[in-house]
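**Q** Pasting in a structure now, in structure tokens, and then I'll have a few things to ask.
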Amino acid sequence: MIHLTNISKQHGSQILFKSASMQILPGVRNGLVGPNGAGKSTIFRLITGEEDADKGEISCSKKTVIGYFSQDVGEMSGYSALEEVVSVSAELMQLGEAIKEMETAMAQPMSDDEMADLLERYGNAAEEFEHRGGYDLESRAQTVLTGLGIGPADYNRPVESFSGGWKMRIALAKILTLSPDVLLLDEPTNHLDVESIVWLEEWISKDFKGAVLMTCHDRDFMNRIVSRIIEVANQTVTTYNGNYDFYLREREIRRDQLLASYRRQQEMLAKEEDFIARFAARASHAAQVQSRVKKLEKIERIVLPPEQKVIKFEFAEPPRSGDNVVGCEELAKTWPLPEGGEKSVFSGISGTIRRQEKIAVVGVNGAGKSTFLKVLAGHTEPTNGTATIGASVNLGYFSQHSMDILNPEWTVFDTVQDTLPQANIGVIRNICAAFLFQGDDVDKRISMLSGGEKSRLVLATLLAQPLNFLILDEPTNHLDIQSRDVLLKALQKYTGTVVLVSHYRHFLRSLVNRVFEIDHGEMRIYDGNYNYYLEQTNEQ
């Protein structure tokens, strides 16, 4: 379907690929993985024609329809949400109009040859229209919007009235509604809650018949969707026939085999070079020496790929807090509405968060999860009731908005130093290095950092402090799978208390031992892990 053959690509002095090849086959679901900067986004742009390869060939049938969802959604205005989604199928709508015109023309008198030509064109157009889902375009757009959390009440809302995260959902809905032959998805689960992620999983698995190539930091999503992993790393592309977990195991096996081959080759090279060095000056051994020199020149040297950099972090033992970390009594919160009046977010919440508990706060998007965390952290006052922090509790709060309050003029080093003013330069540099800010990276200004780098920096400033109560609102956003796993292992070993909101199900299943569900303004407490919560809610 799509073939990239012997592709070479260079950005400035950085070589991304040298003679790399890959293919996307009909109906196959591919996961695209690799370290940041390896060239994953470049692969997408090569396929869509936004960039050209320096060398090599990219082949794709002209009839192949490609749908590409990227994190850059562009401007949206002038349409309702539903109209915006349907607008992506402008060519399909034009085809529908052409079919109507041909149907009208058929009622007019014409020669047999003209009628035969018209019928052939009509048959081709009708087949294409049906193949592209033209007959159910609007209903399909409504289904996709609803699945992504934008219900009938919001179909006709002006698209410009939606926030950035919701515009991302509308942009994703546009690509899904297009129903292309090949679906290119760059981090489709960003900005989605668990319910929308589960819906998207089901849609791709059961309703979508085309091929998929996607990047994604959600391990569960990858494992459930893809049957093939394409790794972009070390200036080449490698294919693994299996899901993400299979890829991790197979990659380690291949690396171990490569390391063993490398060691054997190094031993052989050392012996040959030793022989050459010992007998190079002896005329009696000249032929043997020359033979071995030529042999070494012809050998293709095995090169070990560099280890991928990941966060390296472990919590210091936090100071002990009291047994009762937070006590809630009839806690309630309302927000004023722009048109007047108030909206109740939650009410009547009572309960205790105990020392060393790891609690997930769950609920549909807009249920009030983040607001509840803000109240616990003291970043907003409750409308009614109290949230009382217990004895000897040192609280740390991470939210997506934490990145917005970073001083853009400061450097990475300045930011960490401001959090730990008593620490010496060595300690600060070690903390920076643990979160992948090494060498000159510590002198980068905040204004120059990517979203992922800012997220890592906020976590560095938070987790380096002696805190025994962590409130984390989507801590894994912008982190790659390896960094998420390191954070997960650190939190599993952490002896303090954690309350978190996350749509990363692998994180929830592997960490929490209690679940608070906010539903229609009420809180239900499940005294068990995340799987226990899922079992209970499925039964209900």
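The values are calculated or read from the model by the stated rules, or taken from the named source; none is laboratory data. For clarity, every value in this text was computed on a predicted model and none was experimentally measured. When we count neighbours, we look across all protein chains shown, and the Cβ atoms used for this are built from the backbone with ideal geometry, even at glycine.
**Q** Which residues, counting only those in the range 264-287, are surrounded by 12 or more Cβ atoms within 10 Å (Cβ to Cβ) and either part of a strand (DSSP E or B) or charged (D, E, K, R) (or both)?
**A** Residues satisfying the conditions are 272, 273.
**Q** Residues of the range 98-144 being modelled with pLDDT under 80 and either under 30 Å from the mean Cα position of the chain (by Cα) or among the polar types (S, T, N, Q) (or both), which ones?
**A** Passing the criteria: 132, 133.
**Q** Inside the range 396-422, can you point out the residues that are in a strand (DSSP E or B) and farther than 23 Å from residue 472 by Cβ? Show your work before the answer.
**A** Keep residues of the range 396-422 that are in a strand (DSSP E or B), which gives 396-398, 411.
Answer for the range 396-422, where residues must be in a strand (DSSP E or B) and farther than 23 Å from residue 472 by Cβ: just 411.
**Q** If a residue counts only when it is among the polar types (S, T, N, Q), which strands (runs of 3 or more DSSP E) contained entirely in the range 431-535 have at least 1 such residues?
**A** On the way: elements: 469-473, 497-501, 514-519, 522-526.
Where strands (runs of 3 or more DSSP E) fall fully within the range 431-535 and carry at least 1 residues being among the polar types (S, T, N, Q), they are 497-501.
**Q** Let me ask something else about it. Report yes if residue 426 is within 17 Å of residue 316 (Cβ to Cβ) and part of a strand (DSSP E or B), otherwise no.
**A** Details: within 17 Å of residue 316 (Cβ to Cβ): yes; part of a strand (DSSP E or B): no.
No, not satisfied.
**Q** In addition: Considering each of 234, 243 in turn, give the residue that is surrounded by fewer than 20 Cβ atoms within 10 Å (Cβ to Cβ) and touching a Pro at 6+ places or on another chain (Cβ under 9 Å). Lay out the reasoning, then the answer.
**A** On the way: 243 fails: touching a Pro at 6+ places or on another chain (Cβ under 9 Å).
Only one candidate passes the filter, namely 234.
**Q** Output the residue which, of all residues in the range 35-71 that are of a type in the set (Asp, Glu) and out of contact with any helix residue (DSSP H, G or I) (no Cβ under 9 Å at 6 or more places or on another chain), is surrounded by the fewest Cβ atoms within 10 Å (Cβ to Cβ).
**A** Filtering the range 35-71 down to residues of a type in the set (Asp, Glu) leaves 50-52, 54, 57.
Subset that is out of contact with any helix residue (DSSP H, G or I) (no Cβ under 9 Å at 6 or more places or on another chain): 54, 57.
On the way: 54: 14, 57: 11.
It comes out as 57.
**Q** Another question about this same structure. Mind listing whichever residues of the range 483-530 are closer than 19 Å to residue 398 by Cβ, out of contact with any Ser or Thr (no Cβ under 9 Å at 6 or more places or on another chain) and polar (S, T, N, Q)?
**A** Listed by number, the residues that qualify are 495, 510.
**Q** Tell me the residue from 300, 307, 357, 314 that is touching a Ser or Thr at 6+ places or on another chain (Cβ under 9 Å) and charged (D, E, K, R), please. Can you show your working first?
**A** Working: 300 fails: touching a Ser or Thr at 6+ places or on another chain (Cβ under 9 Å); 307 fails: touching a Ser or Thr at 6+ places or on another chain (Cβ under 9 Å); 314 fails: touching a Ser or Thr at 6+ places or on another chain (Cβ under 9 Å).
After ruling out the rest, the residue left standing is 357.
**Q** Could you please let me know if residue 95 is of a type in the set (A, V, I, L, M, F, W, C), assigned to a helix (DSSP H, G or I), at pLDDT below 90 and within 19 Å of residue 180 (Cβ to Cβ)?
**A** Considered against the rule, which asks whether it is of a type in the set (A, V, I, L, M, F, W, C), assigned to a helix (DSSP H, G or I), at pLDDT below 90 and within 19 Å of residue 180 (Cβ to Cβ), residue 95 comes out as yes.
**Q** Evaluate the following for residue 381: is it of a type in the set (Asp, Glu) and in contact (Cβ under 8 Å) with a residue 60 or more places away in the chain? Walk me through how you get there before you give the answer.
**A** Details: of a type in the set (Asp, Glu): yes; in contact (Cβ under 8 Å) with a residue 60 or more places away in the chain: no.
Criteria not met by residue 381.
**Q** Before we move on, is residue 170 assigned to a helix (DSSP H, G or I), over 18 Å from residue 66 (Cβ atoms) and in contact with a Phe, Trp or Tyr (Cβ under 7 Å, 6 or more places away or on another chain)? I'd like the intermediate steps shown before the answer.
**A** Numbers: assigned to a helix (DSSP H, G or I): yes; over 18 Å from residue 66 (Cβ atoms): yes; in contact with a Phe, Trp or Tyr (Cβ under 7 Å, 6 or more places away or on another chain): yes.
For residue 170, the condition - assigned to a helix (DSSP H, G or I), over 18 Å from residue 66 (Cβ atoms) and in contact with a Phe, Trp or Tyr (Cβ under 7 Å, 6 or more places away or on another chain) - is met.
**Q** A follow-up question, please. For the list (1) in the same structural domain as residue 215 (by TED's automatic domain parsing); (2) touching a residue at least 24 places away in the same chain (Cβ under 8 Å); (3) assigned to a loop (DSSP other than H, G, I, E, B), I need the number of the one condition that residue 50 fails.
**A** Condition not satisfied by residue 50: (2).
**Q** When residues of the range 119-176 are filtered for being of a type in the set (D, E, K, R), free of Cβ contacts under 8 Å to residues at least 24 places away in the same chain and under 14 Å from residue 96 (Cβ atoms), how many remain?
**A** Counting residues in the range 119-176 that are of a type in the set (D, E, K, R), free of Cβ contacts under 8 Å to residues at least 24 places away in the same chain and under 14 Å from residue 96 (Cβ atoms) gives 3.
**Q** Next up: Just to confirm my filter: which strands (runs of 3 or more DSSP E) fall fully inside the range 333-390 and include at least 1 residues that are of a type in the set (S, T, N, Q) and in the same structural domain as residue 495 (by TED's automatic domain parsing)?
**A** Working: elements: 342-354, 358-362, 384-389.
So the answer is 342-354, 384-389.
**Q** Here are the criteria: (1) in contact (Cβ under 8 Å) with a residue 60 or more places away in the chain; (2) in the same structural domain as residue 260 (by TED's automatic domain parsing). Tell me which single one residue 318 does not satisfy.
**A** If we test residue 318 against (1) in contact (Cβ under 8 Å) with a residue 60 or more places away in the chain; (2) in the same structural domain as residue 260 (by TED's automatic domain parsing), just (2) comes out false.
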